[in-house]
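A short write-up of the structure that comes next.
The values are calculated or read from the model by the stated rules, or taken from the named source; none is laboratory data. As the structure is a computational prediction, the values presented were derived from the model and not from experiment. Positions of Cβ are backbone-derived with ideal geometry, glycine not excepted, and every protein chain shown enters the neighbour counts. What goes into the accessible areas is simple: the full protein's heavy atoms, side chains included, and nothing from ligands, DNA or RNA. Shrake-Rupley method; radii C 1.70, N 1.55, O 1.52, S 1.80 Å.
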Amino acid sequence: MKHLLKSALVAATLAAAPALADAVKINAVTLAPKPVYINKPFAQFVEEVNEKFAGEIEITWRGGPEVMPPFKQAEGVRNGAMGMTYTSPSYYQGLVPTSGTMNLSFKNYDEISATDYHERMTELHAEKDLILVGEIPATQLNFQIYMKDEVSGLEDLKGKRIRVFPTLLPLVQALGAEPIVLPMGEIFTALERGAIDGYMQGPLGQAEQFGGLVKTVIQPGVYRAGFPVLVNKDIWAEMSPDLQQRLTTFLRDDFAPRMDSIWAEDIAASRKAMEDAGFNFLELPADEAARYEKIAMDAAWDVTAANAGADIAAELRGMLDK
């Protein structure tokens, strides 16, 4: 219960407005277009919130990148251009340098939630005038390397151009490859035109999007997926402290734990679809896989320490390491 009490204190310091008679209306935007698989939990979140908090909160999901560019959504929420975003934690590291740490773990959501990680991240977001309501986790959706050509090991990646999102950039650099930061919607064209040699992405939807373009998938995957739900501070202030706490508790203690383990069947189906589409899976030997995972973590945390400070990086890593 300690994290709930800390969340309550943070919420109370951010806003102490009386409850309004009318529902608080929130326009929301997502990192990907509505039909994309990673939005499935957010669609359910919007539905459940609008039902559970009927008359108090009303979320309208406006769309994805066609409404606001993915890398600008957090800033759009901060400055009031949008009320809420469901985004990648790495898309706004320039605003909140520790945001990408949400990916940097091999723990599941319940294990992370048992620490003070989400409470500390709430404080760090508040310092940048952003409300972190919580995250919608997808621990099973770790990130794999997909290559256009056949590769036989990590050494073959040296000099290759690999699309990443910002959290993955230090790892790809550490492997001797050239990281190219692109939104998800630009991967296909870049791969097709030869602007990149590969990309890093989760395990779902790859055969449907990239069949005929990918030859090799390197495993194991690294890190974890988790999608922060950010709210504009002025909209948050329209809610009473009680409503703020109830929404935070609903996301962190009810909704999020239910979402963390919903992907197993989809992952298995996606693996078969990729095999049928001619994707070859390169399973790294155990010692090489362990080395790869260590490179991934050390490289990312070194950058976090440089950008956010060694003490904060060490504090957060202590909560996220196995």
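Here are the numbers:
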| item | result |
| --- | --- |
| Filter result for Ala269 (open to solvent by 30 Å² or more (accessible area, probe 1.4 Å), of a type in the set (Gly, Ala, Ser) and under 30 Å from Met147 (Cβ atoms)) | yes |
| Test result for Val164, under 15 Å from the mean Cα position of the chain (by Cα) and free of Cβ contacts under 8 Å to residues at least 40 places away in the same chain | yes |
| Residues located in region 272-294, provided they are assigned to a helix (DSSP H, G or I) and either open to solvent by 40 Å² or more (accessible area, probe 1.4 Å) or not hydrophobic (A, V, I, L, M, F, W, C) (or both) | Lys272, Glu275, Asp276, Ala286, Asp287, Glu288, Ala290, Arg291, Tyr292, Glu293, Lys294 |
| The listed residue being in a strand (DSSP E or B) and among the aromatic types (Phe, Trp, Tyr), out of Phe255, Phe250, Phe227 | Phe227 |
| Subset tally (residues that are among the β-branched types (Val, Ile, Thr) and in a loop (DSSP other than H, G, I, E, B)) for region 133-151 | 2 |
| Residues satisfying the stated conditions in region 57-69, i.e. crowded, with 19+ Cβ neighbours inside 10 Å and either at pLDDT below 95 or more than 20 Å from the chain's Cα centre (by Cα) (or both) | Ile57, Ile59 |
| Test set (1) more than 21 Å from the chain's Cα centre (by Cα); (2) open to solvent by 30 Å² or more (accessible area, probe 1.4 Å); (3) under 27 Å from Gln44 (Cβ atoms); (4) modelled with pLDDT of 95 or more - Phe210 fails condition number | (2) |
| Candidates Phe53, Phe42, filtered to the one that is in contact with a Lys or Arg (Cβ under 8 Å, 6 or more places away or on another chain) and crowded, with 18+ Cβ neighbours inside 10 Å | Phe53 |
| Scan of region 221-238 for residues that are of a type in the set (Gly, Ala, Ser) and either without any contact (Cβ under 8 Å) to a residue 60 or more places away in the chain or within 29 Å of Ile145 (Cβ to Cβ) (or both), ordered by number | Gly221, Ala225, Gly226 |
| Flag if Thr101 is of a type in the set (Ser, Thr, Tyr), farther than 23 Å from Glu186 by Cα and either surrounded by fewer than 23 Cβ atoms within 10 Å (Cβ to Cβ) or over 21 Å from the mean Cα position of the chain (by Cα) (or both) | no |
| Which listed residue is farther than 18 Å from Met319 by Cα, open to solvent by less than 30 Å² (accessible area, probe 1.4 Å), among the aromatic types (Phe, Trp, Tyr) and in contact with a Phe, Trp or Tyr (Cβ under 6 Å, 6 or more places away or on another chain), from Phe165, Phe143 | Phe143 |
| Conditions (1) in contact (Cβ under 8 Å) with a residue 24 or more places away in the chain; (2) part of a helix (DSSP H, G or I): number failed by Met200 | (2) |
| Residues being over 20 Å from the mean Cα position of the chain (by Cα), closer than 17 Å to Phe143 by Cβ and open to solvent by 60 Å² or more (accessible area, probe 1.4 Å) - total across region 175-198 | 0 |
